[in-house]
Structure formats: structure tokens, C-alpha cells
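The values are calculated or read from the model by the stated rules, or taken from the named source; none is laboratory data. None of the values given here were measured: they were computed from a predicted structure. Positions of Cβ are backbone-derived with ideal geometry, glycine not excepted, and every protein chain shown enters the neighbour counts.
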Amino acid sequence: MVHIKRLQEEGIDTLAIIGEIDASSSIELDLTIAKSVGEGFKKILVDCNALEYISSAGLGVFMSYIEEFKDKLSKSGWQHLKISALAGICSGTASRCRLSFTLA
């Protein structure tokens, strides 16, 4: 089960993920990121400090948005896409992990 808290400050939409993301709860993650993108946020920070588990389906949600953002970059003339800090997940633990999507 997952709970996602949203906080918007200074043009950044922070999504704090609490709990576990598996195949069924990855839909909620997808909808939350889609809402953020749809509201026009160009800076999205996904805070995984309280994330206990993420399945391949959850990682797939992140990968799909990376591709979407790359497409937006090429079509809109934005100059770069910055994706940072999947280190916590890559090292086998989600503690202190943040994923940041920045379109500029």
C-alpha cells in the first residue's frame, strides 16, 4: 500500500512516497505524476525517504516519464533534462533517495 503526499513550493512539486509501490499501487504513482505534469510543473521532486519497497512496475512508471520528458524537450526547445539521485534504489534501499525531474 502506498500514500503519496504532494507539496508545492517555489515552482517545485514534491511528491513524498510513503509505503510500498507494487504493480497495483504503481497506478497511483502514475496518476500523481501525470497530475503534476498536467498542472504544468516543470520541476518534480519524488521523495523516497519513506519508500519501503518498489517493484519493477514502479520503476517502469519513472522510466515512462523520463521518455515523455525527453520527447517534450525535443518538441519544445527546452535545453536539458536533469534526472538525479536514484542511488538509494540502485543500492538496494530506498532510504535517502530522491528522484528529481527538471525541465528547463
Would you pick out the residues in the range 39-54 that are surrounded by 17 or more Cβ atoms within 10 Å (Cβ to Cβ) and of a type outside the set (D, E, K, R)?
41, 44, 45, 46, 48, 51, 54
Some residue of the range 17-38 being of a type outside the set (S, T, N, Q), touching a strand residue (DSSP E or B) at 6+ places or on another chain (Cβ under 8 Å), loosely packed, with under 15 Cβ neighbours inside 10 Å and in a strand (DSSP E or B):
yes
Do we find that residue 58 is surrounded by 16 or more Cβ atoms within 10 Å (Cβ to Cβ), of a type outside the set (Phe, Trp, Tyr) and either part of a helix (DSSP H, G or I) or modelled with pLDDT of 90 or more (or both) in this structure?
yes
Go through (1) buried (at least 17 other Cβ atoms within 10 Å of the Cβ); (2) modelled with pLDDT under 85; (3) not in a loop (DSSP other than H, G, I, E, B) one by one and return the number of the condition residue 68 breaks.
(1)
Considering only the range 9-30, how many residues are among the small types (Gly, Ala, Ser) and at positive phi?
2
